[in-house]
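Reviewing the structure listed below.
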Amino acid sequence: SESLTVGELAKKIYREPSEIIKKLFLLGVMATINQVLDKDAIELIASEYGVEVEEEIKIDTTDLEVYFTEDSEESLIERPSVVTIMGHVDHGKTTLLDSIRNTKVTEGEAGGITQHIGAYQVVENGKKITFLDTPGHAAFTTMRARGAKITDITILVVAADDGVMPQTVEAINHAKAAEVPIIVAVNKMDKEAANADRVMQELTEHGLVSEAWGGETIFVPLSAKTGEGIDTLLEMILLVGEVEEYKANPNRKAVGTVIEAQLDKGRGSVATLLVQNGTLKIGDPIVVGHTFGRVRAMVNDKGRRVKEAGPSTPVEITGLNDVPQAGDRFVVFEDEKTARQVGEARAQTALVAHRGEKSIVSLETLFDQL
Ligand code: GTP
Ligand code: MG
């Protein structure tokens, strides 16, 4: 069609009419919901949302990525940094995460149960920081391969008594490919054999030059075991956050990524989501990967029930018809009907893809399955 009203266009590209009206206003056009737009105007607006207009408005509404649109500068406000900890085996990633959680989360939260939901938030100097408890590099790689960028900052843990190891280098490469700033945590400084200078020296060869040596990389010597240096690490994370200015628009429907998900005997499908933009609310119609439903209950990282979750907040939700996968995207829709349509279309695609895989079962794989 050559023309559409503002209302019709909004519907086609799954936006609020008010948003389109605002966009038009910024372009110098006063419009109402019933205003008819010509082809040029439609193209202009659609391109703002990354939608290509051909003969008709064509948008693959089953591709959740199309809903990860950018917001106007004036709608954005500061959000907590999302941090991932990476490093070689046994260099202290888990101990560091636990140490941060124990010193910061349980502090002043007597009675609060620290529930393990694969992600948590701490407060440092009145500001929140979100930590993702990545199960390992494999999951990180899968998420990145799917284009799901979720982390803002990588903490590279290097044991001061062991130095740079193969997985340290792997982690550096992941972070570089994802264009994520790296903060080096030189861990195990309490040990006799600790040698921070050696770690700095070795990392120089991989392009991470300490500020002390005229480079740009922040190095924090610490001990995950004694807790020494952890406050400095948190301060450095806030510093990077201030420089990078991570922002989001809390006043829109939520979009984000699945951190983990499983089937719970009592509660059904349970998924931990990281809200990346917008605010997730109880009752929201939602598509998560190839599943859909309504957000029935939400629990935060402290094990408390919450009614909504803003940008950079991890929450555990129930109410999905099936179990999504880590790294899957989620999108909240205007109404349940649309969520169902998109969700069912996506489930269908997954089914076809699955059947496609099945059809190439060879004798060997058949034997493997027996
Ligand atoms: P993987 O998950 O297996 O890759 O290991 P990780 O990096 O999570 O290491 P983890 O936290 O499990 O620590 C490995 C060992 O190092 C454990 O025995 C910890 O107690 C010890 N460790 C971790 N941090 C420190 C530290 O700061 N000082 C000392 N002395 N030991 C530490
Ligand atoms: Mg570990």
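A short reminder: the numbers here are calculations on the coordinates, not readings from a lab. Because the structure is a prediction, the values reported are computed rather than measured. Methodologically, a virtual Cβ is constructed for each residue, glycine included, from the backbone with ideal geometry; neighbour enumeration extends over all protein chains shown.
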Checklist entry - Can you put Val243, Val184, Val89 in order, fewest other beta carbons within 10 Å first? => result Val243, Val89, Val184
Checklist outcome for this item: region 276-345 and region 11-48 have their Cα centres apart by a whole-number Å value of 28
Checklist entry - Which order results if Asp40, Asp284 are arranged by neighbouring Cβ count within 10 Å, fewest first? => result Asp40, Asp284
Checklist entry - Please identify the trypsin sites (Lys or Arg not before Pro) of region 268-309 that satisfy two criteria: DSSP loop assignment and at most 12 other Cβ atoms within 10 Å. Which are they? => result Arg304, Lys307
Checklist outcome for this item: Long-range amide H partners of Ala185, meaning residues 5 or more apart or on another chain whose placed amide H is closer than 5 Å, are Leu156, Val157, Val158, Val220
Checklist entry - Non-local amide H neighbours of Phe292 (under 5 Å, H modeled in plane, Pro and chain starts lacking H): which ones? => result Asn321, Asp322
Next on the checklist: Need one number: nm distance between label points at Val306 and Asp38, each 7 Å from Cα along Cα→Cβ, rounded to one decimal.
Outcome noted: 4.8
Item to check | Neighbour-count order for Thr217, Thr291, fewest beta carbons within 10 angstrom listed first | outcome: Thr217, Thr291
Checklist entry - Using a simple spin-label model with points 7 Å from Cα along the Cα→Cβ vector, what separation in nm is obtained for Ala345 and Asp264? => result 3.1
Checklist outcome for this item: Rounded to 0.05, the calculated FRET efficiency for the beta carbons of Asn251 and Asp197 at R₀ = 51 Å is 0.55
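Rounded, prolate or oblate, given the Cα gyration tensor of region 232-331, with a/c below 1.5 counting as rounded?
Prolate is the answer for region 232-331, as a/c is 1.5 or above and a/b outweighs b/c.
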Item to check | Hz values of 3J(HN,Hα) by residue in region 320-337 - Karplus curve (6.51, -1.76, 1.60), Gly and Pro given as x | outcome: 8, 7, 7, 9, x, 10, 4, x, 5, 8, 10, 9, 8, 10, 4, 9, 5, 4
Checklist entry - Points 7 angstrom from Cα along the Cβ direction at Val243 and Lys22: gap in nanometres? => result 3.2
Item to check | Per-residue ³J(HN,Hα) for region 286-295, Karplus 6.51 cos²θ - 1.76 cosθ + 1.60, θ = phi - 60°, Hz, x for Gly and Pro | outcome: 9, 10, 10, x, 9, 10, 8, x, 10, 5
